[in-house]
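S.K.: I'd like to ask some things about the structure below.
The values are calculated or read from the model by the stated rules, or taken from the named source; none is laboratory data. On a predicted model such as this, the values are computed, not experimentally measured, just so you know. Please note: Cβ atoms are built from the backbone with ideal geometry, for glycine as well, and neighbour counts cover all protein chains shown. These accessible areas exclude ligands, DNA and RNA; they are computed on the full protein's heavy atoms, side chains included. Shrake-Rupley method; radii C 1.70, N 1.55, O 1.52, S 1.80 Å.
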Amino acid sequence: MTERGYQPDFFALSEPVRDPARRQAKAEKIRWVLTNFAPFDLADAICLDVGCSSGMMTAALAPLFKTMYGLDFDALALASIQPQHRDGVCYLRGDAMRMPLPDASVDVVICAQVYEHVPDDTRLFPEIHRVLAPGGIAFFSGPNWLFPIEPHYFLPFLHWLPSRYASAYLRVTGLGESYYERSRTVWGLRHLLRDFEVHDVVRPLLQTDFVVQSPILRQQLLALPWPVWRALLPILPNFNWVLRKPGIHRAARRQ
């Protein structure tokens with residue numbers, strides 16, 4: 001990927017990151033995944049929320065952990081953090097590609113819908129690996145390049161176009177001036193995440209209403225034979241993965 005800066009004015013331009021209901025819903029999904037799949041006690045864990053924005057989701061998840069950090073590069077987003085979202089969270093302004101935290105210093109990382117907004121995701125994922133303690137986990141979610149509807153502007157094929165044409169598409173539709181986001185296929189992401197154990201949690205999430213609202217559709221999807229489901233995974237609109245850094249977590253060493 002070519003060198004580029006962070007997306008200017010992202011917090012001001014993105015309505016979903018300012019929507020309390022959407023942030024709370026996302027926090028509840030992440031809470032469900034972590035409480036069901038974390039291999040250690042979260043109450044004694046240190047967590048880092050990468051791309052915390054104005055802290056609504058970070059603050060909602062903070063009670064799960066002993067210590068909670070929120071990291072974002074967007075100064076306007078951090079300046080917009082409300083007093084009630086500061087309790088129990090240490091917010092940091094910093095670069096996700098060069099995090100201001102020591103090696104192996106956190107037990108859990110949250111990277112939710114962030115990788116496509118970072119200037120270079122090939123530097124983001126090694127940083128997540130670096131700050132995670134051995135045996136630590138990350139909740140990762142993000143868009144799938146193979147899904148034909150671009151998730152930020154809901155335009156078909158937008159993300160499949162070269163950058164200049166994608167930006168022109170936005171201008172013609174009146175939805176923006178420049179297209180910034182960059183997503184990857186499942187195979188591209190798994191290559192970048194080759195130093196992690198990757199566990200797909202989309203199918204377990206279908207037991208809830210976090211991913212699919214319709215109970216009938218959820219049951220139909222859950223009833224699909226495993227070979228069919230496995231064939232569908234690479235083309236689903238969004239990834240929901242738990243990443244584990246190999247090694248023995250410090251909690252297990254004390255037992």
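S.K.: Can you tell me which residues in segment 164-198 are closer than 19 Å to residue 145 by Cβ and among the basic types (Lys, Arg)?
M.R.: 164, 182, 184, 190, 194
S.K.: Now for a different question. If you go through segment 76-93 one residue at a time, do you hit one that is part of a strand (DSSP E or B), over 27 Å from residue 197 (Cβ atoms) and open to solvent by 50 Å² or more (accessible area, probe 1.4 Å)?
M.R.: yes
S.K.: Can you pull out the residues in segment 52-75 that are in contact with a Leu (Cβ under 9 Å, 6 or more places away or on another chain), hydrophobic (A, V, I, L, M, F, W, C), open to solvent by 10 Å² or more (accessible area, probe 1.4 Å) and in a loop (DSSP other than H, G, I, E, B)?
M.R.: Hit for segment 52-75 is 65, nothing else.
S.K.: Then there is this: Which of the residues spanning segment 1-27 are part of a helix (DSSP H, G or I) and open to solvent by 60 Å² or more (accessible area, probe 1.4 Å)?
M.R.: Those that are part of a helix (DSSP H, G or I) and open to solvent by 60 Å² or more (accessible area, probe 1.4 Å): 13, 18, 20, 21, 22, 24.
S.K.: Considering only residues that are open to solvent by 40 Å² or more (accessible area, probe 1.4 Å) and in contact with a Phe, Trp or Tyr (Cβ under 6 Å, 6 or more places away or on another chain), which ones fall in segment 202-243?
M.R.: The answer is 237, and nothing else.
S.K.: Sticking with this one: Suppose we filter segment 152-172 for residues that are surrounded by 12 or more Cβ atoms within 10 Å (Cβ to Cβ), within 20 Å of residue 8 (Cβ to Cβ) and out of contact with any helix residue (DSSP H, G or I) (no Cβ under 6 Å at 6 or more places or on another chain); how many remain?
M.R.: Total satisfying the criteria: 8.
S.K.: For segment 28-51, which positions are assigned to a helix (DSSP H, G or I), of a type in the set (A, V, I, L, M) and open to solvent by less than 50 Å² (accessible area, probe 1.4 Å)?
M.R.: Correct list: 30, 33, 34, 42.
S.K.: Moving on. Take the residues in segment 170-212 that are of a type in the set (Val, Ile, Thr) and more than 26 Å from residue 24 (Cα to Cα), then tell me which one is farthest from the chain's Cα centre (by Cα).
M.R.: Ranking the qualifying residues of segment 170-212, first place goes to 172.
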